[in-house]
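Written below as structure tokens is the structure these notes are about.
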Amino acid sequence: MSKMIIKNASELVTCKGKSPKHGKEMSDIGIVKNGAVVIEDGRITDVGTTEDILQRYKENDFKILDASNKAVLPGFIDSHTHFIFGGYRADEFSWRLRGDSYMDIMNRGGGIVSTVKSTKEASLEELISNGKKRLDSMIGFGVTTVEGKSGYGLDLDTEIKQLEAMASLQKTHPVDIAPTFLGPHAVPKEYKGREDEFIDFQIEKVLPVVAEKNLAEFADIFCEKNVFSIGQSRKFLKKAAEYGLKSKIHADEIVQLGGAELAAELGAVSADHLLQASDKGIKAMAESGVISTLLPATAFCLKEEYARGRYMIDKGCAVALATDLNPGSCFTNSIPLIISLAALYMRMNIEEIITALTINAAAAVNRVDTIGSIEKGKKADIIILEYPSINFLPYHAGVNIVETVIKDGKIII
Ligand code: NIG
Ligand code: FE
């Protein structure tokens, strides 16, 4: 049996909790000064002050990791990414710099459908090997669980190929993957003007195969003006729920369409983006317990106004933060960038930011019972910072200060 104690952590951030934190609770991250964690067989078996733990356990029986002058936190969870894709869209980024909008590029046949073409052309092996490189980079930022979406196939074979790439990586890579079926991510050219038929195609031809092969835990849809309507989104997500897939929604990203309200109505696990979410939608999310997943790097890369993170927390929402890594709107997997943007532009304090990247993100991937906090019984997914305090996370702006990553009780970095 592998046994380890991490001791002397100047700040042991537990994020203790078996449910997501709403509003003010997000600032309560359960810091233990001079803390210690006991790990046995990949699980956390005890947590306390170093004094207390070393009185109760014999150091000789354990591998000892001394975290003096270092902060220790739960591994980060990146709860919204599109990390499996073929090709790149660097040209589009340069068009956006010169003034074209994301939706203009999409409406003239670029954007998501351009990645769909490259993803169709890529072999399963290519998707797996690119996916592996991206996961390797993510784990360096302290990410121990990642959500990943399909949505660059739109047809049966390519949607399945993307999900199979994730299933294969789940078996071989230490990072845990929560797979999401995002069949209605864009309208393919041949379905322009026939969006209802495309939704029916996804429901009748793709969804049953995804469910039968057990390739996804969540279903998601790009609910947006000129993409899929509220009615189409409701229909698709309800059908997906009948197959056991929990709902996520790309909601109110560019236009205020009422995606946040729909998420609350459907009891979705999360509504994501929310740059334009209405006051009513925010209230509905807070009351229904939908996780409000904010993706500040997307607003940054699209030069849009940030989502109203401060307001949402003040209104009692459970906010999560994620990267949205994708080849179009937001080609970054940088957790340090997310932390900086949330602190500087969304007026979230560092405690709220940590909650949003750990326990609330765990809830956004329906894993709050097993990850997202350092407490007895949870997976030993733990990171150690180079510095003694969590205040260094936003302060060392945009720089990765994760020094050690422990996944399932094993030191990976
Ligand atoms: O979350 N908005 C829709 N989907 C992605 C972007 C995908 C892409 O541009 O390739 C997003 O931003
Ligand atoms: Fe996205």
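The numbers here are math on the coordinates, done by the rules we state, and not lab data. Just so we're clear, the structure is a prediction, and the values are computed from it rather than from any experiment. Reconstructed Cβ throughout: ideal geometry from the backbone, glycine too, with neighbour counts over all protein chains shown.
Specify the residue that is surrounded by the most Cβ atoms within 10 Å (Cβ to Cβ); the eligible residues are those in region 155-185 that are of a type in the set (A, V, I, L, M) and in a helix (DSSP H, G or I).
Applying the filter and picking the extreme gives A165.
Sort out for me the strands (runs of 3 or more DSSP E) sitting completely within region 33-137 that have 2 or more residues that are in contact with a strand residue (DSSP E or B) (Cβ under 8 Å, 6 or more places away or on another chain), within 18 Å of I412 (Cβ to Cβ) and within 16 Å of ligand 2 (Cβ to nearest atom).
Values: elements: 43-49, 63-66, 71-74, 76-78.
Hits in region 33-137: 76-78.
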Out of all the residues in region 225-270, which are within 12 Å of ligand 2 (Cβ to nearest atom), outside any loop (DSSP other than H, G, I, E, B) and not hydroxyl-bearing (S, T, Y)? K248, I249, H250, A251
Hey, could you check region 337-364 for residues that are in contact (Cβ under 8 Å) with a residue 60 or more places away in the chain and touching a Phe, Trp or Tyr at 6+ places or on another chain (Cβ under 7 Å) and say which is nearest to K379 (Cα to Cα)? T358
Which of the residues that make up region 362-392 are under 16 Å from V405 (Cβ atoms) and among the small types (G, A, S)? G372, A380
For region 271-289, give me the residue count where each residue is buried (at least 24 other Cβ atoms within 10 Å of the Cβ) and away from ligand 2 (no atom under 16 Å from the Cβ). 3
Can you run down the residue pairs with Cβ atoms below 7 Å, 6 or more apart or on separate chains, where the first is in region 85-96 and at positive phi and the partner is assigned to a loop (DSSP other than H, G, I, E, B) and surrounded by 15 or more Cβ atoms within 10 Å (Cβ to Cβ)? G87/P327
Exactly one of (1) of a type in the set (A, V, I, L, M); (2) more than 16 Å from ligand 1 (Cβ to nearest atom); (3) under 19 Å from S19 (Cβ atoms) is unmet by I282. Its number? (3)
